[in-house]
Amino acid sequence: MPSIEFLVNSIGRAKRVDAPEGGELVDICDEFLAPIPFSCRSASCGTCHIQVLEGVEFLEPPDPPEAELLELLGGGSDHRLACQARVKRGAGAIRVRAVLGG
């Protein structure tokens with residue numbers, strides 16, 4: 001079963017949630033009040049920049065707009081935008097941290 005662990009940061013406490021159906025990470029964050037900031041929700045601002053510490057293979061690959069902004073933000077293949085990331089159905093454990101302040 002997909003489970004997502006959000007690490008503690010300055011905007012909220014750590015959370016571990018189950019997402020058996022997978023889905024848009026932004027919706028999962030909203031539903032469980034995950035400590036990930038959002039602003040534009042359209043891959044244009046980078047506010048929701050995250051690092052996937054475990055389970056990057058359980059996310060769908062980034063689409064071109066997300067990939068373009070991630071390239072500008074820096075970071076490797078383990079970096080994503082939470083507003084664009086989609087958790088695969090039947091995925092395993094995913095562990096993320098917000099990349100706050102750049």
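Can you pull out the trypsin sites (Lys or Arg not before Pro) in region 1-78 that DSSP calls coil and that have at most 13 other Cβ atoms within 10 Å?
Loop-located and lightly packed - ARG13.
Net charge around PRO35, counting only other residues with Cβ within less than 14 Å of its Cβ (Lys, Arg = +1; Asp, Glu = -1)?
Net charge in that neighbourhood comes out at +2.
Which value, to two decimals, describes the C-alpha radius of gyration of region 3-98 once divided by 2.2 N^0.38 Å?
Dividing the Cα Rg of region 3-98 by 2.2 N^0.38 Å gives 0.96.
If amide H atoms are built 1.01 Å from N in the plane of the peptide, which residues on other chains or at least 5 residues away come under 5 Å of the amide H of ILE94?
SER3, ILE4, GLU5
With a cut-off of 8 Å between alpha carbons and a minimum separation of six or more residues, what is the relative contact order of the chain in percent?
This gives 41 percent for the chain.
Roughly speaking, what is the stretch gain from LYS15 to GLN51, that is 0.36 nm per residue apart minus the C-alpha to C-alpha distance, in nm to one decimal?
Net length gain for the segment: 11.4 nm.
Can you compute 3J(HN,Hα) from phi for each residue in region 12-18, using the Karplus curve 6.51 cos²θ - 1.76 cosθ + 1.60 with θ = phi - 60°, rounded to whole Hz and x for Gly and Pro?
x, 7, 5, 9, 10, 10, 9
Each reported figure results from applying straightforward, stated rules to the coordinates on display, with no laboratory input. Note that the structure is predicted; figures quoted are calculated from it, not measured. In this analysis, Cβ positions are derived from the backbone assuming ideal geometry, glycine residues included, and neighbour counts consider all displayed protein chains.
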